[in-house]
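Questions regarding the structure given below will be posed in turn.
Every read-out reported here was derived from the displayed coordinates using simple, explicitly stated rules and does not represent laboratory data. No experiment lies behind these values; they were computed from the predicted model shown. Counting neighbours? That spans all protein chains shown, and the Cβs are built from the backbone with ideal geometry, glycine included.
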Amino acid sequence: MDFNLTEEHIMIRDAAREFAKTELLPGVIERDDKQEFPKEQIKKMGELGFLGMMVDPKYGGGGMDTISYVLAMEEISKVDASCSVVMSVNNSLVCWGIETYGTEEQKQKYLTKLATGEIIGAFCLSEPEAGSDATSQKTTAIDQGDHYILNGTKNWITNGSTASVYLVIAQTDVEKGHKGINVLIVEKGMPGFELGPKENKLGIRGSDTHSLMFTNVKVPKENRIGEDGFGFKFAMKTLAGGRIGIASQALGIASGAYELALQYSKERKAFGKEISRHQAIAFKLADMATEIEAARHLCMKAAWDKDQHANYDLSGAMAKLYAADMAMRVTVEAVQIHGGYGFVKEYHVERMMRDAKITQIYEGTSEIQKIVISRSVLKD
Ligand code: CAA
């Protein structure tokens, strides 16, 4: 067993760290405050290859492994989780889904642009009444021979207004239950496709989250991914990898908050010495460092499983469950260590605490991860 990173991994991590410090840190507080989408920053991330990291170079991607992706996700998330959610959805859900299950035509038409960041994508599964219970899709895609007619509403869609390509999960045949679900590539501008209002969120406020409405949208059959009825499995398989991305996001938010708390604790004096020299604070830092390291190992193990083509449903769910819950604990402690300063925006940790919360909710709540994990450990 070798825990060392390769030279290439270190290079990618350092490049992401430098980019986050120079390009994402300036303005991160204002973007959060004004709920401003990081348009310029995402454009640069595309140019640097962060939006299609694992895609085959023949489709414009970086051809990197999942370990590299986890390392970059952690570094970007340390500074701006609103940017890293765009990165995660584009890489893990949209690019991976099309590359793994799409036709050559779909890859040429969509993946080549998504991988370079020329356009970004969105993944549309959640509905007003189907978030965790993903088989209960109310959106319908009715088969009309050479096309589908799409009707319904999707909720909380990341990249809602900024995406150009949307992977929409919809029910074609109710009688068949989850085996009657399809996934369609829907383009912005298709007649009948409307954008709902932007959500005013607790965290990741720079990312744009919308509801989407589809009224009799005509989607050509060549835009279906996979065989008829493959949509639910597509969603499950795609989300399994997505969970590694969100686990790394949670890891990054936590390690960003920890680094700030560590630095602050060495500077701030109380009762005659730096607060880091009070055991009450030193023990908090010890717990935070240990939990972050444990989450990092879980993320790396899940990434390694994926790179080895082993099953990563379990390791990805464990990584996400632990990293997300850990990020919540660690960011709360980071605010506590900062005292009153932690409660104001200039010190960043209050934003990180708000951002951490979503990692326990999207791409499957912590409770959903426990369903996946318990089913796996209880199976004969
Ligand atoms: N890989 C392949 N197939 C899978 C699978 C996987 N990981 N998980 C389930 N399936 C298959 C099952 O084998 C089954 O198929 P068969 O009937 O052929 O055997 C089928 O899918 C149905 O599975 P279940 O009976 O297990 O389904 P369930 O209703 O009990 O639900 C669940 C399982 C794990 C709870 C699932 O519904 C789930 O993951 N829910 C959460 C959905 C979610 O993550 N939503 C987040 C929205 S996306 C988002 O947040 C993106 C963003 O913008 C950031």
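Compute the acute angle (0 to 90°) between the alpha-carbon long axis of helix 279-307 and the principal axis of greatest extent of the alpha-carbon atoms of the chain; round to the nearest 10°.
30
With the Cα gyration tensor of the range 1-62 giving a ≥ b ≥ c as the square roots of its eigenvalues, does the rule (a/c under 1.5 for rounded; else a/b larger than b/c for prolate; else oblate) give rounded, prolate or oblate?
Since a/c reaches 1.5 but b/c is at least a/b, the shape of the range 1-62 is classed as oblate.
Can I ask one more? For a footprinting-style exposure proxy, rank 79, 377, 89 by other Cβ within 10 Å, fewest first.
Least crowded to most crowded, the residues run 377, 79, 89.
Here's a follow-up. Quick check on the range 119-181: take the gyration tensor over C-alpha atoms, sort the square-rooted eigenvalues as a ≥ b ≥ c, and tell me if it's rounded (a/c under 1.5), prolate or oblate.
Oblate.
If a paramagnetic tag sat 7 Å from the Cα of residue 104 along the Cα-Cβ line, which residues of the range 199-236 would have the backbone N under 11 Å from that point?
No residue passes the distance filter.
What residue among 252, 339, 46 has the largest mean-square fluctuation in a Gaussian network model of the chain, using Cα springs under 10 Å?
It is 339.
Taking R0 as 30 Å, what FRET efficiency do you get between residue 5 and residue 286 from their Cβ-Cβ distance, rounded to the nearest 0.05?
Calculated value: 0.80.
Using only alpha carbon positions, build the gyration tensor of the range 82-206, then give the equivalent ellipsoid semi-axes as the square roots of 5 times its eigenvalues, largest first, whole angstrom.
With the √(5λ) rule applied to the range 82-206, the semi-axes are 22, 19, 13 Å.
Suppose R0 equals 22 Å. What FRET efficiency, 1/(1 + (r/R0)^6) with r the Cβ-Cβ distance, do residue 259 and residue 30 give to the nearest 0.05?
It comes out at approximately 0.55.
For a quick size check, give me the Cα extents of the range 225-380 along its three principal axes, largest first, whole Å.
68, 30, 25
To the nearest 10 degrees, how steep is helix 7-19 against the longest Cα principal axis of the chain, on a 0 to 90 scale?
80
Turning to a different aspect of this structure: Please give the contour-minus-distance gain from residue 336 to residue 44: 0.36 nm per residue of separation, less the Cα-Cα distance, rounded to one decimal in nm.
Full-extension gain reported as 101.7 nm.
On to the next question. Per 0.36 nm of contour for each residue apart, how much would the distance between residue 213 and residue 233 grow if the chain were fully extended, relative to their Cα-Cα spacing?
Length gained, residue 213 through residue 233: 4.9 nm.
In the structure shown, do any of 201/320; 58/154; 320/357; 284/306 have a Cα-Cα gap over 23 Å, and if so which?
Long pairs (Cα-Cα over 23 Å): 58/154; 284/306.
Between the range 221-255 and the range 6-68, what is the separation of their alpha carbon centroids in Å?
Measuring centre to centre over Cα atoms gives 19 Å.
Follow-up. With +1 on each Lys and Arg Cβ and -1 on each Asp and Glu Cβ, and nothing else charged, work out how big the dipole of the range 1-68 is about its Cα centre, in Debye to the nearest 20.
Computed about the Cα centre, the dipole is about 220 debye.
Running a GNM on the chain with Cα contacts under 10 Å, which residue among 342, 196, 272 ends up with the highest mean-square fluctuation?
Among 342, 196, 272, the largest mean-square fluctuation in the Gaussian network model of the chain belongs to 272.
Report the extension gain between residue 144 and residue 221 in nm, rounded to one decimal, defined as 0.36 nm multiplied by the number of residues separating them, less their alpha carbon distance.
Taking 0.36 nm per residue and subtracting the Cα distance, the gain is 26.8 nm.
Using a Förster distance of 41 angstrom, determine the FRET efficiency expected from the C-beta separation of residue 14 and residue 174, and round it to 0.05.
So the FRET efficiency works out to roughly 0.20.
I've got another one for you. Which one of 261, 240, 148 is farthest out on the positive end of the charge dipole of the chain, using unit charges on Cβ (Lys, Arg +1; Asp, Glu -1) and the Cα centre as origin?
It is 261, whose Cα lies furthest towards the positive end.
Continuing with this model, one more query. Exposure proxy check: 338, 147 ranked by fewest other beta carbons within 10 Å?
Lowest to highest Cβ neighbour count: 147, 338.
Still on this structure: Helix-only estimate, please: 222 nm mean residue ellipticity of the chain, summing -39500 (n - 2.57) across DSSP H runs of length 4 or more and dividing by its residues, to the nearest 500.
-15500 deg cm²/dmol
Then there's this: Mind putting a number on the dipole of the chain about its Cα centre? Charges go on the C-beta only, +1 for Lys and Arg and -1 for Asp and Glu, and I need it in Debye to the nearest 20.
I would put it at about 720 debye.
Counting other beta carbons within 10 Å of each Cβ, put 33, 325 in order, fewest first.
33, 325
May I pose another question? For the chain, take the longest principal axis of its alpha carbons; what is the angle in degrees between that and the long axis of helix 313-338, to the nearest 10 within 0 to 90?
40
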